[in-house]
Structure formats: structure tokens, C-alpha cells
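Q: Let me give you the structure first, and then I'll get to my questions.
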Amino acid sequence: MTEPRTPGEERLLQLAEPEKEVAAGTRTLVVGPYLTRKRRVSADAEGEGANPRPPEARLDEITGLSLAIDLTIVRSLTAPLSSPRPATFIGSGKVEELAGMVRAEEIGLVVMDCALSPVQQRNLEKAWGAKVIDRTGLILEIFGRRARTKEGTLQVELAHLSYQKGRLVRSWTHLERQRGGFGFLGGPGETQIEADRRMIQERMNRIERDLESVVKTRSLHRTSRRRVPYPIIALVGYTNAGKSTLFNRMTQADVLAENMLFATLDPTSRAIDLPHGEKAILSDTVGFISDLPTMLVAAFRATLEDVVEADVLLHVRDVSHGETEAQAGDVAVVLRELGIDPDDTRRIIEVWNKADLLSAEDRERLATTSQRTGEERRPILISALTGDGIPELLATIEQHLALGRLTYEVDVAAEDGQGLAWLHENTEILDRQTRENGHTVLQVRLVAGKEPRFLNRFPEARVL
């Protein structure tokens, strides 16, 4: 029987737990407060990292994120601005205009596609009489829904607490489930805020200790895999690019694969067979997204260590999406944050997915582009849904894993059945011929780490 929670634990649950019952079905207004094109160009020139996507595409994405937690989207609109306002992010005129819309449409939640400071969030809630969350808050809510394992749950809670810790200047009444209380009924006072901050920090310290043990366990698993050793192939890409569908196609698994943002959060690994018999470990990972909160990258670093340690990365792209190039750029940004060079063509294979959604003309054009690209950088056009292109993808993975590996010719006597079996289990068999004397001559490529044992067993083998 579960022990009853202490008042402090109940308080932390209020502060950290995603508000599922509040979110489901809530009438929601989605606002995209985007810099005008002139200001975007200026910001980019000043090194501020302005988002290059057109406002319509960005609004579509934030609307999709909102739908991922079952919000009822009443309206979605852009709010062009020349520069962010310190008090409310958007201008006072737009604040008043949206206040009228919130009242008329009985809006309970406003999603702002930007990063709001605690003061801006509080001021907007007062002006609109509705709860307001920014992009980071929304992504945290989604992650809270998707986490299934203990590790995933801890990582989400850590990120959520880190986010909330900096927002204790505002009232917590909306978290106390009081109808109509959206931060404008008065706060619990400075003493309560300090107590909350202390409880949050203590819980964060405890989670970080728990996650350290998770990292150690994952490291042990990784070390045991290295002893086998199986090469590791990790799927990376923008959220909803089709990574889980590809994972299921290649491993015959049944990982959740739906047309929704962040369908996969907890990492999954399975063994796969490559064309010449070598086994490899394929790992599915959380999807990336533009403006991914830094705290989430940090919180999920343990999960993303599979990406860092992988021998080959499959960068899965949805080539049917209008913003596929911008999405690829966002993935490159996150890879750099993880210390991975996105231009490392020896290690990264670009996979152009969802070919089944392309017109015949576009599919032919991309197939031609792929074939004309140099072999080292050649993207592979596939459909994870139908299986088209998967054999070519597996062959390309094998080629990348083979870079730097030696190929040998070895003569196996007819009576050495054990030696033949060892070669089949521990090497890639590239060619096999049986001679008149009954000997079998094989061309084999060695798996990493097997060369000493191979040469000890077959000292007469010849390097090709």
C-alpha cells in the first residue's frame, strides 16, 4: 500500500505536475508574436539567432503542439511586432485587442509562441483573465504526457521544476485548481514563495541524484554492448519526421508511432541484422524541435547519450514537409549542442523519409538528386511506412560501419566447421567460394575489436 504524501510532497506535485485535467478540452487561443521580416533580418545580422521560418509555418507548428495535449483551439493568429516589450512582450494595443477576444470567446488558456519572462506572463494573465503559457511551458506539458519510464518521468520533472523555480514571483492560485484564479487574485506571500523555492531545490537535488544512478546503469548497459560488441545506430531528427515508424520497420517492433509531435520520449533499443549478417543495435530517440528549451536538452542528456555514443546516426527528415530544410537546420543546432558535428558524413547518413507522400514528379526529382550526390554524402530516399528504400538504407549503414575496417581473405579447411561458424558469427562475409579440395575461401570484413581473436585463430589470413 502506498504511503500518504506529506504536505510538502503535495505542494511539489502542484508545482511540478503537468495540469492534465486543466488542459484537456480547454478553450485555447494560440498567438504567434513574431518579429517582422525587417526586424528578423536585423536580429540575425546582430547574431540574435532569429527564426528564419515564415510566420504561417511557425503558427502551424505551435498549433500542432497545442493539439498534442488535447487543447480545444478556438483561434490561432499571428501578432507581428517590431521588437519585444519588456512588460507584456507584445504591444499594449494588441494586448487590449486580444483581451476582448478572450472575453468574447470564453478563452481559458492563451498559448504564446515565444519565451516569456515571469513578469510578462503575470502581466498578460492579469490583462486577459486567463492562464498564459509560453512555448517552453507547452513543450514541458507535452513531455509530461509522453514520459512512460521512471527515467523519462524524472527528466521531465527536473526540467519542469527548473522552469517553475524561476517563476515563483507570480501567484500560484491557478495551480490550486480554483476556478477563475489565473494569477490575479493575489499571491501566497513572500514566505510561501521562499518555502516553495526551497522545496523545489531539494527535490531537484534528489532527482539529480536519482538520474546519476540512471546514467551509471545506462553506462553499464552500453559497456556490456561494447563487449559483444555490436555497433550502435541512433535515429535522430525533427519531431514527427517518422523515426518511430522507421524503427518499427527495421526492427519489427511496435513502438508508438503516430502522426503527432513528440510521440516518442523514452528511448528504445532493438537489435537488427545488416545485409551481410552483422548485428547492430538501433536506438530510437526523442525528436528535436526549433527553439528547444535548453533545460530540456540538459535534462535529457542521459537519454541522448545513445546519440553521442552511436557509431552511425540516421538523420531522418520528412521531405514532404514544406519546412524540411529549416527543420534540418534545427536538428544540426541540437547535434552541435551535444558535441556532434552535423557535417560528419562518415558518421551521419541523411534519410529522406515519407516518399509515399510526395507527388510522382517530386519523388523522381529527389531520387535523381540523391543519385547525383557523391557517395559519401548521398541521402537515401525511403518510405518507412511502405518499406521502399529500406534495403538500400541497410546497405548504406553497413558501408558506413565498414569505413576503416580491414578486409581479409581466409582459407578454411573442410573439417574446420567450428572455424567456419566463428567467421559467420563474428565477421561480415563478403564473398564465399568452395574449391575442389573442399576448402572454403572467404572474403571477410572484421567487426571492430575482433581482429586479435581473428588473427590468433587464422594466422594465415591475407589482408586484401
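The values are calculated or read from the model by the stated rules, or taken from the named source; none is laboratory data. This structure is a prediction, so every number in the text was calculated from the model and none was measured. Please note: Cβ atoms are built from the backbone with ideal geometry, for glycine as well, and neighbour counts cover all protein chains shown.
Q: Quick test for you: out of 413, 402, 367, pick the one residue that is among the hydrophobic types (A, V, I, L, M, F, W, C) and within 23 Å of residue 310 (Cβ to Cβ).
A: 402
Q: Hey, any hits in segment 232-252 for a residue that's surrounded by fewer than 16 Cβ atoms within 10 Å (Cβ to Cβ) and modelled with pLDDT under 60?
A: The answer is no; no qualifying residue exists.
Q: What single numbered condition from (1) assigned by TED's automatic domain parsing to the domain that holds residue 353; (2) at pLDDT below 75; (3) more than 30 Å from residue 66 (Cα to Cα) fails to hold for residue 222?
A: (1)
Q: Moving on. I need the full set of residues from segment 353-374 which are of a type in the set (Gly, Ala, Ser) and under 18 Å from residue 323 (Cα atoms), in order please.
A: 355, 359
Q: Given the conditions (1) closer than 19 Å to residue 307 by Cβ; (2) surrounded by 12 or more Cβ atoms within 10 Å (Cβ to Cβ), report the number of the one that residue 385 does not fulfil.
A: The failed condition is (1).
Q: Against the condition closer than 14 Å to residue 312 by Cβ and in contact (Cβ under 8 Å) with a residue 24 or more places away in the chain, how does residue 409 come out, does it pass?
A: So residue 409 does not fit the description; no.
Q: Ok, one more. What pairs come up if the first residue lies in segment 192-212 and is assigned by TED's automatic domain parsing to the domain that holds residue 158 and β-branched (Val, Ile, Thr), the second is modelled with pLDDT under 80 and loosely packed, with under 14 Cβ neighbours inside 10 Å, and their beta carbons are under 8 Å apart, counting only those six or more places apart or on different chains?
A: So the pair list comes out as 193/169.
Q: Which of the residues spanning segment 423-437 are part of a strand (DSSP E or B) and either free of Cβ contacts under 8 Å to residues at least 12 places away in the same chain or among the polar types (S, T, N, Q) (or both)?
A: Answer for segment 423-437, where residues must be part of a strand (DSSP E or B) and either free of Cβ contacts under 8 Å to residues at least 12 places away in the same chain or among the polar types (S, T, N, Q) (or both): 427, 432, 433, 434.
Q: Within the group 346, 301, 363, which residue is assigned by TED's automatic domain parsing to the domain that holds residue 285, over 17 Å from the mean Cα position of the chain (by Cα) and modelled with pLDDT under 90?
A: 346
Q: Continuing with the same structure: Under 7 Å by Cβ, and 6 or more places apart or on different chains, what pairs join a residue from segment 22-38 that is assigned by TED's automatic domain parsing to the domain that holds residue 65 and modelled with pLDDT of 80 or more with one that is part of a loop (DSSP other than H, G, I, E, B) and β-branched (Val, Ile, Thr)?
A: 27/107; 28/107; 29/107; 33/90
Q: Just checking, how many residues over segment 419-450 are surrounded by 15 or more Cβ atoms within 10 Å (Cβ to Cβ) and of a type in the set (Asp, Glu)?
A: Residues in segment 419-450 being surrounded by 15 or more Cβ atoms within 10 Å (Cβ to Cβ) and of a type in the set (Asp, Glu): 1 in total.
Q: Ok, one more. Can you list residue pairs whose Cβ atoms sit under 6 Å apart, with the first residue in segment 99-119 being within 17 Å of residue 78 (Cβ to Cβ) and the second being assigned to a helix (DSSP H, G or I) and among the basic types (Lys, Arg)? Count only pairs 6 or more apart in sequence or on different chains.
A: Once the first residue is within 17 Å of residue 78 (Cβ to Cβ) and sits in segment 99-119, its partners that are assigned to a helix (DSSP H, G or I) and among the basic types (Lys, Arg) give 113/135.
Q: Quick one: is residue 377 outside any helix (DSSP H, G or I) and in the same structural domain as residue 249 (by TED's automatic domain parsing)?
A: When the stated conditions are applied, residue 377 passes them.
Q: A further question follows. Would you pick out the residues in segment 100-120 that are surrounded by fewer than 18 Cβ atoms within 10 Å (Cβ to Cβ) and assigned to a helix (DSSP H, G or I)?
A: 100, 101, 103, 104, 118, 119
Q: Of all residues in segment 153-208, count the ones that are within 24 Å of residue 142 (Cα to Cα), at pLDDT below 75 and part of a helix (DSSP H, G or I).
A: 4
Q: Restricting to segment 66-91, and then to whatever is crowded, with 18+ Cβ neighbours inside 10 Å and touching a Phe, Trp or Tyr at 6+ places or on another chain (Cβ under 8 Å), can you tell me which residue is nearest to residue 29 (Cα to Cα)?
A: Looking at the filtered set, the residue picked out is 79.
Q: Does residue 398 meet the test of being of a type in the set (Asp, Glu), surrounded by 13 or more Cβ atoms within 10 Å (Cβ to Cβ) and free of Cβ contacts under 8 Å to residues at least 24 places away in the same chain?
A: The answer is no for residue 398.
Q: Separate question: Would you check if residue 135 is closer than 19 Å to residue 291 by Cα, at pLDDT 65 or above and in contact with an Asp or Glu (Cβ under 6 Å, 6 or more places away or on another chain)?
A: yes
Q: Among the numbered criteria (1) out of contact with any Leu (no Cβ under 7 Å at 6 or more places or on another chain); (2) at pLDDT 60 or above; (3) crowded, with 16+ Cβ neighbours inside 10 Å, which one does residue 211 miss?
A: Checking residue 211 against (1) out of contact with any Leu (no Cβ under 7 Å at 6 or more places or on another chain); (2) at pLDDT 60 or above; (3) crowded, with 16+ Cβ neighbours inside 10 Å, the one that fails is (1).
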